[in-house]
Structures are given as C-alpha cells and as structure tokens.
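What follows is a set of notes on a single structure, which appears directly below.
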Amino acid sequence: MKVAVTGGTGFIGKALTQALLTRGDEVIVISRQNSGADRSRSGKSPRIVTWDSLQHNSASLNGLDAIVNLAGESINQRWTDSAKSRILNSRIWAAEQVAQLAKSLEQLPQVVVNASGISAYGISQDEVFDESSPTAVTDFLSEVVKQWEQAADQIPTARLVKLRVGVVLADKGGAFPLMALPYRLFGGGPVGSGDQGLSWIHLHDIVRLILFCLDNDRISGPVNASAPQPVCNDEFGRALARAMGRPHWFPVPAFLMRLLFGEMSTLLLDGQRAVPKKSLDYGFQFLYPNIDNAMEQLVGKHQPNQRSD
C-alpha cells in the first residue's frame, strides 16, 4: 500500500510510520519542512515531501492508496487567544490541504483516515458515548472537533474515517510521562473531584487501529480511538499507583489546576467516557483493553504481545 502521512513527525505519526514501513508499505511523510526521518526496524525510511513542493508537483503522489492526516497544533499549551486560533486553524488548514491534494491526483485515494477527537461528544459526567451518539458543543475542544470534522467531510475519497482520538498513552512522549511524574515523586492522587471520565488508548493500539481502518474497506465514518474500558480520573490514578508501587493519596484541588493552566485545565477537570463500539463490531482486538494491563506495560512490567489483526 502507498500511504501518505501528514503529521508523520509527531508522537503518533512517528509510531505509525514505523509500523507501516515494518509491514512493507511505501510511506510518504508530508511535512511543512523537509526534516530528516527515522529509519524503521527494517532499515527503511519514508520519503519526505513538503506541502510547498506538492503545490508544484503533486504528480509524484499519483497511485496513492491512502492518506492518514494527523497534523495539528498541540493542545498541550496554555490556551491564550492566539494559541486557540492556532489549534483550530492548523487542523482546518491540514484538512483543506489534504482535500486539495486528493483532488489533484489522477485517482482519488481509496481511504483517508483523518484524526479527530473524543471531545466531539462534549463534556459529560454520566453518559457513555459510542459512534452512534450525537455530537455536542460544550467547550472549546468540542467546537474545534466540530469544525475539524466539517473540514474533513470535504475531502474527496472513496472512504473517509474520522478517528476520534482519546488520551494516547506511551512510556515516552505524549501526556503520560507528565501524568506519571507526581507518582514517581510519591505525590500522586486524584485531580479535582476524581470523577471526571478519561477515554484513553495505548499507543500500540492506536497504531494498530489505524492500520485496521486502512485495511478494512467496510469501516467508514466516526471511529472512537479509545480503549473498551474508559475510567474516571481516580481509577486512572489508582491503576498507575498500583503499577508503580506508589501511594495514591494527594488530591489536587480544581482551583489550583485552573490557576496553573487556565482554560486548558478542562483537559484534567472535565471529560467524557467513549467506547470503541464500531471497531469491536468489526473484530478489532485491543492489546490493552483495560487500564491495569496498560499501566503494567507502561511502567515496564509487561511487554506487548506481538499479535496482529
């Protein structure tokens, strides 16, 4: 398969590129800058092209089977007005660029997997959402996801998958090292009420899920990229404490989170529970379906199985 990956130098993008190369796919990473790329375990490297170069020569991507769009400004920053504008506009811009690229090719790509977010469903303490649940705008991130998916809907392709991503956990990169730091320092505990939902997925599983969506031509539309067993913040912390052999005792009050992080504190204080009904219905099997086995792997007590779908 010939696959283009935008955001291929990011946290998820690097892992996905490695997995594609390892299984023998031809990979083109589309980036704003022509920076170097890591070699896969097979010794192969992706081809790097820039958006600027594609404006003049998109024919080099003719024969493309799939596009995976993971590009977007990080949300892990203080949400000033300028940061919020960058977060939103970078996602809309990337989807628009993918649409223009698809239109310029001799044949449309068979599938586009466009990243989105679990925030599509809005904030809720009680509800559990699957792909059939209605979307709702309740805060900044849910508004971003609404506009992001509307832009993605304009991408011409035989099959569009909108991958609604939860919190991606890995031992290096992403949010987990910072989430684990208080426990490493023996100061971990619930954040705010501790009741807020957390829809999470292990990095190994989101990469496998993207491959599953690329390969399974029956899958289209929204796909929740989250583990089958979402947890609340307190359950997450207790599982992390058990895996690390650390106490879970030091609560962090909500007002302190708001003082430190401003509006971005909603990532820690609010949430929702989403389940991956569609991928499970199509037979996808998670390596890490529950938070305890994920935590055991993340802190080095368990190595991932090498099962593939």
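Bear in mind that the values in this text are calculations on the coordinates, not laboratory data. Just so it is clear, the model here is predicted, and its values are computed rather than measured. Using ideal geometry, Cβ is built from the backbone for each residue, glycine included, and neighbour counts are taken over all protein chains shown.
Its residue count N sets the reference 2.2 N^0.38 Å, and the alpha-carbon radius of gyration of region 1-143 equals 1.16 times that reference.
For region 182-309, the average shadow cast by the Cα convex hull is 8.5 nm², which is a quarter of the hull's surface. Among Glu143, Glu106, Glu26, the residue with the largest mean-square fluctuation in a Gaussian network model of the chain, with springs joining Cα atoms closer than 10 Å, is Glu106. Can you flag which of Lys172/Lys278; Lys14/Lys146; Lys2/Lys103; Lys2/Lys162; Lys84/Lys172; Lys84/Lys146 are past 22 Å Cα-Cα? Distance filter (> 22 Å) returns Lys172/Lys278; Lys14/Lys146; Lys84/Lys172. Comparing Leu298, Leu141, Leu54 in a Gaussian network model of the chain, where Cα atoms under 10 Å apart are tied by springs, the biggest mean-square fluctuation is seen for Leu54. Indicate the gyration tensor shape class of region 2-298 (rounded, prolate or oblate), computed on the Cα atoms with a ≥ b ≥ c the square roots of the eigenvalues: a/c under 1.5 is rounded; otherwise a/b larger than b/c is prolate and the rest oblate. Verdict is prolate for region 2-298. For Arg91, neighbours were defined as the other residues whose beta-carbon sits under 15 Å from its Cβ, and their charges (Lys and Arg +1, Asp and Glu -1) total +1.
Once the Cβ-Cβ distance of Asp81 and Asp215 is raised to the sixth power relative to R0 = 35 Å, the FRET efficiency obtained is 0.25. Counting other Cβ atoms within 10 Å as a rough exposure proxy, the listed residues Val165, Val113, Val299 run Val299, Val165, Val113 from fewest neighbours to most. Structure remark: mean-square fluctuation, Gaussian network model of the chain, C-alpha springs under 10 Å; the largest value among Gln97, Gln125, Gln229 belongs to Gln125. Taking amide H positions as modeled 1.01 Å from N, with prolines and chain starts lacking one, the residues under 5 Å from Ser31 and 5 or more places away or on another chain are Val49, Thr50, Trp51. Principal semi-axes of the equivalent ellipsoid, √(5λ) from the alpha carbon gyration tensor of region 222-267, are 22, 20, 7 Å from largest down. Relative to the Cα centre, the charge distribution of region 2-298, modelled as +1 at Lys and Arg Cβ and -1 at Asp and Glu Cβ, gives a dipole magnitude of about 760 debye. Shown for Arg208, Arg218, Arg23: other C-beta atoms within 10 Å of each C-beta, ranked fewest to most, produce the order Arg218, Arg23, Arg208.
Annotation: the residues Ser199, Ser104, sorted from fewest to most other C-beta atoms within 10 Å of their own C-beta, follow the order Ser104, Ser199.
Summing charges over neighbours of Asp139, with a neighbour being any other residue whose Cβ is under 13 Å away from its Cβ, gives -1 when K and R count +1 and D and E count -1.
With a Förster radius of 41 Å applied to the beta-carbon distance between Met1 and Asp130, the computed FRET efficiency rounds to 0.90.
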